[in-house]
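Notes follow once the structure below has been shown.
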Amino acid sequence: MSGKHDLVLSVNGRDYAVQVEPRRTLVDAIREDCGLTGTHIGCEHGVCGACTVLVDGAPVRSCLMFAVQAAGKAIRTVEGLATGDELSVLQRAFMEHHGLQCGFCTPGFLMLVTGVLEREPDIGDEELIDVLASNLCRCTGYQNIIKAVRAAAQELRTK
Amino acid sequence: MSVAGPTGWVGRSIRRLEDPALIAGRGRFTADLPAAHRVRFVRSQHAAGRIANIATPPGVLVITAADLKDVKPIRPMLHKFDYVPIGQPVLATDRVRFVGEAIAAVVAADEAAAEDAADAVEVEIAPADAVIDAQAALADGAPRVHDEVAGNVIVKGLIETPEFAAARAGADRLVRVALRSGRQNATPLETRGGHAAYDPTSGRVTLTCATQTPHLTRTAIADLLGLPEAQLRVIAPDVGGGFGQKMSLPPEYVLLVWLARKLQSSVAWSEDRRENLIAAFHSRDQHITLEGGFDRDGKLVSLSADVTANIGAYSCFPTTCAVEPLMAMAELPGPYDVRGYRCSARGVLTHTCPMAPYRGVSRPVITCAIERLMDRAAASFGMEPSELRRRNLIDRFPYVSATGLTFDEASYIETMELAVKHIDLAQFRARQKQARNEVRYLGIGFCTFSERTGYGTPAFAARGMEITPGWETVEIVIDPSGFVEARIGSSPHGQGLRTTLAQIIADEIGVEPRLIRVVHGDTDRTPYGFGTFASRSLVIAGGASLLAARKVRVKLAKIAGHLLEASADDIVLEAGVAKVAGTDRALPIESLARAAYHQLHRFRDEIEPGIAESATYDPPGTFANACHVAIVEVDPETGRVTLEKFLAAEDAGRIINPMIVDGQIHGGIAQGIANALLEEIVYDATGNVLTTTLADFLPPTAREIPPIELHHLETMSEATITRAKGVGEGGAIGAPAAVLNAVNDAIAPFGAEINEMPATPRRIRAALRAAEKRP
């Protein structure tokens, strides 16, 4: 279990040289070694999705992946969604439709949906609910998350 | 009751001021702070027993009860209802009383090392007989959880009105129901956690923690460690939901402060999900038997109830474990007019995780019980459930209930009529009939209820609580640059209070909400207050904000009057400017602020320097209300329940921000649906928790929650100065009963009935198997 590995994690286009034990999860490496605390830990057993990040474009539970497995891959986190001060369409939609309350699950939902809409821009409303059922939110009852995501999908399609 | 368009900021769905940081991943939660040391707790694997030995690995700092002799046990107090005070040691001393109780704290440089070290600690426990179920704990000869509590009854109350016996004797018919609610975990998505840092300069410790009650947390920990409160600063940073679980004091936070002082360093603990599910506070777990006496017209004339609340192994601070049974006793009749009332309520100790408030506190269960009673009675009279309710709902205000509560003006009947109209009851009944012909089983369930909110000091004092919450204070300060800051004792954690309080203040002082910073969650920066729980913050901190803002307005008008050579009465404040009404003479607020600080000589001793006003509000309490309706389909082959639709017609008085109110109701309803159908903490017979992951304890996803349709009325009750009533808990209070009534309506053709939550497929199948009829 001991013995650290040197590796480079590419997060939001920036390289982070880190030394981690083989057992270190990707989420711990992102939070502790890269100092990016926008990605949250909710269960550490792959159910809640609060730690969802994109790895080579695919949504991944970063609590279920080891940091060493992510070396050489393009990792994206909530901190990388905005361009400078300009929020992404999805981030703006969450604010406009009150898709967040305490905000703890929000980064995970943003990354999940960002990944899915990039790959399937024409995804249907019902399939979107199946996608959203991947993650847990305890505050919103999902009503406004669904509204926000549908609005963002619509806006991105007409762009 | 009419809904007029907003003339100012209040009443508008403005975007939340909280969101920009959270949406960008720039929120600051407790676990985001770096610490020199990480703490891991070694927890009991036995429900009951004596600690025989604790063997610690060499070279590891392990703290046990033996190190904490100068730390007092947590011993919350109630001065009524035969309450027996019991203590909870910060770490278990000689005995353990539930699986998950902390026995030792292991300190290491990082989380992984702390976990390794904790795994190497060997605790030897001589197991003893455990009682898990409240009924078993009440049995003769049951093991005592605490030696000083005979029969394991830690609190009991009895109320019987003078009208009860005659009313019951004269009833046309008696209807009974026995309802059981399983055990819940509030399950905030952020688990609990704390970070304590020692400051060598001042000798103070700053505890940053996931709490709803920073000031009470400071009071409690200072008392337990024998410190002046000034030696401790408590910060609630961004908090990832609480729902009550973060209002009670975790023993772990006490240990963190003690440890930071001992090590003169920083220490942190992040609870993992398994710990949260087994050892953070649980809730519900009540058994209620009810008997309603009705006259021949379906009017409820007598109500008797017996409430048994499993309160776990210890009593939570600050409310004590009595909060559940005593609230049940006081509020069980709900919004129904009944003079003959009798209720006995008990809190029973068991070898299980301690109970604490969770969104709704008792009312999700008592509401479910009385709403089941109403549906059973309606069936007995052959009436629509809504018609029976119509005959019993309070319709005269103020109404003083059988238990002495004053109900302010509300819209019990009106919200129900609204719900019946929008759900189109007649059309549903036709559709239900048609579906039954196709061997499909649809059901509709109603729940009409009151949500007591804005509990002021007298309301809590009625329970005899040593710590009696009630009031809140708000300070509004305008600095010399003209920036407005409101400092509040409440401690929001997702409710959007920074936004809604800014809206209230904005309308008084004529400054846009986005230019008002609401500061909360820091005992060094805010006036003492009780925190955010019990649907109190918008009502109480909102009232205090209004009062403080009015004082600021008076002062700004006075300053402007002097500077503009006009009467203060003629000054109008709007859009950041003070102007003389009907003229073009005006000054921006920053000029007034500069003058108040830096040019006091211009005011001939007629104003105090600076602009800082404070106000406290302590209301009598108020009742919000709603009618919830659920439509379900039950598959009799599998017992699966599919929610087709959920509708709520609610009345929270004046709505400050409609978008935020809707969000609160949505979230509460989702938790209520989960209470009714999905979530349960399950113990085995020896006291082990079987539901230790989120794949076992089943919080709902977007798939399980149907579209929720909301309708609003706004009764302008005079019980609060903003005319707003609380709305934080109503969704969770009403939804369980609506869903359970709908399930029962769906399976009625089988002659089956279910009065246990959650109504899982297994339980529904059992009810159907036990039923005699085939439809």
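The values are calculated or read from the model by the stated rules, or taken from the named source; none is laboratory data. A quick note: this is a predicted structure, and the numbers were derived from the prediction, not measured. With ideal geometry, Cβ positions are generated from the backbone for all residues, glycine too; neighbour counts draw on all protein chains shown. Quick note on the areas: whole protein, heavy atoms, side chains included, nothing else; ligands and nucleic acids left out. Shrake-Rupley method; radii C 1.70, N 1.55, O 1.52, S 1.80 Å.
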> Suppose every K and R has +1 on its Cβ and every D and E has -1 on its Cβ; what is the size of the dipole of the stretch A:5-80 about the Cα centre, in Debye to the nearest 20?
Replying inline: 180 debye
> Ignoring any ligand, DNA or RNA, what whole percent of the accessible area of the protein assembly as shown comes from carbon and sulfur when the probe is 1.4 angstrom?
Replying inline: 49 percent
>> Explain nothing, just compute: Karplus ³J(HN,Hα) = 6.51 cos²θ - 1.76 cosθ + 1.60, θ = phi - 60°, for every residue of the stretch B:265-270 in order, whole Hz, x for Gly and Pro.
In response: 8, 10, 9, 9, 9, 10
> Equivalent-ellipsoid semi-axes (√(5λ), Cα gyration tensor) for the stretch B:698-775, whole Å, largest first?
Replying inline: 35, 15, 11
> Lys/Arg Cβ at +1, Asp/Glu Cβ at -1, dipole of the protein assembly as shown taken about the Cα centre: which of B:I125, A:V20, A:V55 is farthest positive-ward?
Replying inline: B:I125
> How much length, in nm to one decimal, is gained on full extension between B:K262 and B:A770, taken as 0.36 nm per residue of separation minus their Cα-Cα distance?
Replying inline: 176.8 nm
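Please find the FRET efficiency linking B:L174 to B:Q135, where r is the Cβ-Cβ separation and R0 is fixed at 22 Å, and quote it to the nearest 0.05.
So the FRET efficiency works out to roughly 0.40.
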> Do you know the relative contact order of the stretch A:5-80, to the nearest whole percent, from alpha carbon pairs under 8 angstrom that are 6+ apart?
Replying inline: 39 percent
>> Placing +1 on the Cβ of each Lys and Arg and -1 on the Cβ of each Asp and Glu in the stretch B:184-273, which of B:W269, B:T213, B:Y198 has its Cα farthest towards the positive end of the resulting dipole?
In response: B:Y198
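Treating only the Cβ atoms of Lys and Arg (+1) and Asp and Glu (-1) as charged, compute the dipole magnitude of chain A about its Cα centre; round to the nearest 20 debye. Intermediate values should be presented prior to the final figure.
Details: 15 positive and 20 negative charges, 38 e Å.
Charge dipole, chain A, about its Cα centre: 180 debye, nearest 20.
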> Of B:Y314, B:Q286, B:T616, whose Cα points farthest to the positive end of the dipole of chain B (charges on the beta-carbon: +1 Lys, Arg; -1 Asp, Glu; origin at the Cα centre)?
Replying inline: B:Q286
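Compute for chain B: radius of gyration divided by Kirkwood radius, i.e. Rg/Rh, restricted to C-alpha atoms, rounded to two decimals.
0.99
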> What percent of all Cα-Cα pairs in the stretch A:5-80 falls in each 10 Å bin, counting up from 0?
Replying inline: 22, 61, 16
> Build a GNM of chain A with springs between Cα atoms under 10 Å: which of A:G38, A:G99, A:G108 gets the top mean-square fluctuation?
Replying inline: A:G38
> Leaving out same-chain residues fewer than 8 places away, which lysines sit with a Cα under 23 Å from that of A:K4?
Replying inline: A:K73
>> Strictly greater than 55 Å: what percent of every Cα pair in the protein assembly as shown meets that?
In response: 12 percent
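Counting protein heavy atoms only and a 1.4 angstrom probe, how many square angstrom of accessible surface do chains B and A bury in total, to the nearest 100? Don't skip to the answer; put the middle values down first.
Values: alone 28450 and 8340 Å², together 32890 Å².
So the buried area, both faces added, is about 3900 Å².
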> Hey, quick one: spin label on A:S10, modelled 7 Å out along Cα-Cβ, who in the stretch A:70-95 has an amide N within reach, i.e. under 17 Å?
Replying inline: A:70-77, A:80-81
> If you bin the C-alpha pair distances of the stretch A:89-158 every 5 Å from 0, what whole percents do you get?
Replying inline: 3, 19, 35, 28, 12, 3, 0
> What residue among A:V18, A:V113, A:V60 shows peak mean-square fluctuation when chain A is described by a Gaussian network model with Cα springs under 10 Å?
Replying inline: A:V18
> Which of B:K69/B:K262; B:K299/B:K433; B:K80/B:K156 have a Cα-Cα distance over 18 Å?
Replying inline: B:K299/B:K433
>> Nearest 500 deg cm²/dmol is fine: what mean residue ellipticity at 222 nm does chain B get from its DSSP H runs of n ≥ 4 alone, each adding -39,500 (n - 2.57), divided by its residue count?
In response: -9000 deg cm²/dmol
> Which whole-number value in Å² is the accessible area per residue of the stretch A:89-158, probe 1.4 Å?
Replying inline: 32 Å²
> Beyond 18 Å, what percent of the Cα pairs of the stretch B:12-87 remain?
Replying inline: 72 percent
> lysines within cross-link reach of B:K645: Cα-Cα under 16 Å, excluding same-chain residues under 8 positions apart?
Replying inline: B:K421
> Straight-line reach from B:K555: which lysines have a Cα under 29 Å away, not including same-chain ones fewer than 8 places off?
Replying inline: B:K579, B:K725
> Under a 5 Å amide H to amide H cut-off, with H placed in plane at 1.01 Å, what residues pair with B:G456 once short-range neighbours are removed?
Replying inline: B:G621
>> Give me the dipole magnitude in Debye, nearest 20, for chain B about the Cα centre, with unit charges on the beta carbon: positive for Lys and Arg, negative for Asp and Glu.
In response: 600 debye
> Okay, which of the stretch A:49-93 sit inside 15 Å, backbone N to the point 7 Å along the Cα-Cβ direction of B:D110?
Replying inline: A:66-69
